[in-house]
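Working notes, beginning with the structure itself.
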């Protein structure tokens, strides 16, 4: 059975690129690009193996998603990876329990490596 990744990416073009690349690596990908609360609700319905959140465009929404994941027992142990955001946002994400923070999607190879290592 394929592993599931939930991607929260506010930029549709970036979401398509990330989704294609992650699917090529053998993953099933669910995407939310408009509403953080809807993302959490969808994850509650079918918990993913890994969550990947873009903090570059909407850091407040990303923060709310990470905090919401911690509120639900079925979601709090899911590895969370973050992409983007300012240095202060990246530090805050680490303090909130994000497992791995990447400065940009340019580090996609490292992102994919972390997805695999965190989910095994």
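Between residue 46 and residue 91, the contour length at 0.36 nm per residue exceeds the Cα-Cα span by 13.3 nm.
Calculate the all-directions average of the projected area of the range 4-69's alpha-carbon convex hull, and give it in nm².
Details: hull surface 15.6 nm².
Over all viewing directions, the range 4-69 projects a mean Cα-hull area of 3.9 nm².
Packing, as the average of other Cβ atoms within 10 Å across residues, places the peptides 67-78, 38-49, 7-18 in the order 7-18, 38-49, 67-78, highest first.
Using Cβ contacts closer than 10 Å as the measure, can you line up 99, 54 from fewest to most? Mind showing how you got there, number by number?
Details: 99 16, 54 25.
Taking fewest neighbouring Cβ atoms as first place, the list is 99, 54.
Every read-out reported here was derived from the displayed coordinates using simple, explicitly stated rules and does not represent laboratory data. Just so you know, these numbers come straight off a predicted model, no measurement behind them. So basically every Cβ, Gly included, is an ideal-geometry build from the backbone, and we count neighbours across all protein chains shown.
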